[in-house]
Each structure stands twice: as C-alpha cells, then as structure tokens.
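Engineer: Below is the structure I would like to discuss, written out as structure tokens.
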Amino acid sequence: MISNKKRAGVSDEVVFLIPKIIFLTAVLFAVVLLVKIFIVTATDVRETESTILLNRLIYAKDGLSYFDSQLNRVYPGIIDLNRFEELSKNNPNILDTQSISYGAQNQIIAAKIILRREGKDNIISYYNKDKFDKWEPRALATVTGGSGSVKLSYYQKYILVYKDGKLSPGILKISIVS
C-alpha cells in the first residue's frame with residue numbers, strides 16, 4: 001500500500017511540473033527568437049566600398065586629380081585632362097593596376113567615369129571595364145526578374161578641368177557597380 005502512495009505522489013509532482021516545463025520552453029523559444037532577430041549576421045558594405053573607390057579616384061595621387069610633381073601636391077577637385085584622356089584611350093583597365101588594386105581578378109567593384117564639359121565631347125574612362133560591362137546589366141531594375149546581386153551607385157561631382165595651365169568647369173559622372 002505504501003508503494004501505491006509513492007506512485008501517486010510522483011505522478012502528482014509530474015502533473016504539477018508540466019505547466020512549468022511548458023512555460024520554460026516558451027521562455028527559451030522567445031529568447032532564441034529575440035536573439036535571432038536582433039543579431040545582424042550579414043552586413044552590406046557595397047555603398048561604403050563605392051564611396052571609398054570614388055574618393056580614391058578623385059583625391060588620390062595616382063587617381064584622376066591633378067598632381068603637381070614639383071610641389072608633391074594633389075589638387076582635389078581638379079582633374080588632369082591629359083591624364084584622363086590617356087586613361088580613356090589606352091588600356092581600359094589601367095586604373096586597376098596603377099592606383100587602386102583589388103587584385104588581378106577583381107571580383108569586388110567596377111566603375112564607369114564620364115567627364116562632361118560644355119561644348120566638348122564626353123570622355124569615358126573605366127575602372128575594371130570587363131566586370132563593369134558584365135555587371136551593369138544585372139544591376140538595372142528594368143531587367144526581367146529585377147536587379148541581380150550587384151548594386152549600381154551613381155555619383156555626380158562638379159570639378160575643374162586642368163589643361164595646359166588653364167582651368168575650366170566640368171562634371172564627373174561616375175557609375176559604380178559593386
């Protein structure tokens with residue numbers, strides 16, 4: 001008879017433990033859900049990479065800006081037209097190796113740079129031209145199915161163009177695909 005009372009006592013304890021277990025499970029589930037919601041597992045840095053490339057192109061010594069070798073000074077906001085024309089006519093990937101290098105197989109970023117001047121033809125130069133031509137169509141929202149895994153950023157900078165000691169106004173239109 002004692003053994004029956006022990007069994008009944010144990011089953012009563014188990015019955016009273018069931019709501020505690022359900023409540024504990026609900027609390028643990030809520031904690032796990034909150035942790036998954038508030039912890040960022042992926043960070044999109046494409047916009048930052050685009051801004052860094054833009055600043056390197058405009059402000060770096062080996063970029064597009066006019067560099068006075070006698071003073072060893074870069075003039076930000078002033079584009080050296082001779083250098084820009086040289087970059088546009090020669091190797092379309094020359095900027096990849098001269099100023100900003102992401103390696104031989106640059107799978108990160110590409111850019112198209114258009115220099116516009118009043119009354120003159122536009123001059124186009126590229127950074128990583130091969131990848132730009134490949135990625136740009138995937139970045140357009142008009143593509144069937146929407147844009148792809150790349151992001152297209154547009155920038156417009158008002159600059160001065162330096163040629164033969166003279167300055168003239170111009171606009172740099174830069175499309176960066178990352």
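Engineer: Give me the dipole magnitude in Debye, nearest 20, for the chain about the Cα centre, with unit charges on the beta carbon: positive for Lys and Arg, negative for Asp and Glu.
Structural biologist: Numbers: 24 positive and 17 negative charges, 98 e Å.
Here the size comes out at about 480 debye.
Engineer: If you don't mind, another one. Counting alpha carbon pairs within less than 8 Å and at least 6 residues apart, what relative contact order, in whole percent, applies to the chain?
Structural biologist: Numbers: 239 pairs, mean separation 33.2, N = 178.
Dividing the mean separation by the residue count of the chain yields 19 percent.
Engineer: Can I ask one more? Grab the beta carbon distance between LEU167 and ARG56, set R0 = 25 Å, and tell me the FRET efficiency rounded to 0.05.
Structural biologist: Working: r = 23 Å, r/R0 = 0.90.
About 0.65, to the nearest 0.05.
Engineer: What ³J(HN,Hα) values, in whole Hz, does the Karplus curve 6.51 cos²θ - 1.76 cosθ + 1.60 give for segment 17-22 when θ = phi - 60°, with x put for Gly and Pro?
Structural biologist: Values, residue by residue: 7, 4, x, 5, 5, 4 Hz.
Engineer: Suppose R0 equals 30 Å; then what is the FRET efficiency for LYS36 and GLN105 from their Cβ-Cβ distance, rounded to the nearest 0.05? Before the final figure, lay out the partial values.
Structural biologist: Numbers: r = 35 Å, r/R0 = 1.17.
In this case the efficiency is close to 0.30.
Engineer: Here is a further query. Could you work out the local net charge near SER175, counting Lys and Arg as +1, Asp and Glu as -1, over the other residues with Cβ closer than 9 Å to its Cβ? The partial results should precede the final answer.
Structural biologist: On the way: positive: LYS112, LYS173; negative: GLU136.
Surrounding charge for SER175 is +1.
Engineer: Now for a different question. If neighbour count is taken as other Cβ atoms inside 10 Å, put ILE124, ILE176, ILE159, ILE21 in order from fewest to most. Let's see the in-between values first.
Structural biologist: Numbers: ILE124 15, ILE176 26, ILE159 21, ILE21 10.
Arranged by neighbour count, lowest to highest, ILE124, ILE176, ILE159, ILE21 become ILE21, ILE124, ILE159, ILE176.
Engineer: Would you indicate which of (i) 20.6; (ii) 18.5; (iii) 16.8 is the value of Kirkwood radius over Cα pairs in Å derived from the coordinates of this structure?
Structural biologist: Checked against the structure: label (i).
Engineer: Additional query: Place the peptides 56-66, 36-46, 164-174, 71-81 in order of packing, highest mean first, counting for every residue the other Cβ atoms within 10 Å and averaging per peptide. Display every interim value, and only then the final one.
Structural biologist: Details: 56-66: 19.0, 36-46: 7.7, 164-174: 13.9, 71-81: 15.9.
The densest-packed peptide leads the list: 56-66, 71-81, 164-174, 36-46.
Each value in this text was obtained by applying a stated rule to the coordinates, not by laboratory testing. Keep in mind that this is a model prediction, so the values were computed, not measured. We place every Cβ from the backbone using ideal geometry, glycine too, and count neighbours over all the protein chains shown.
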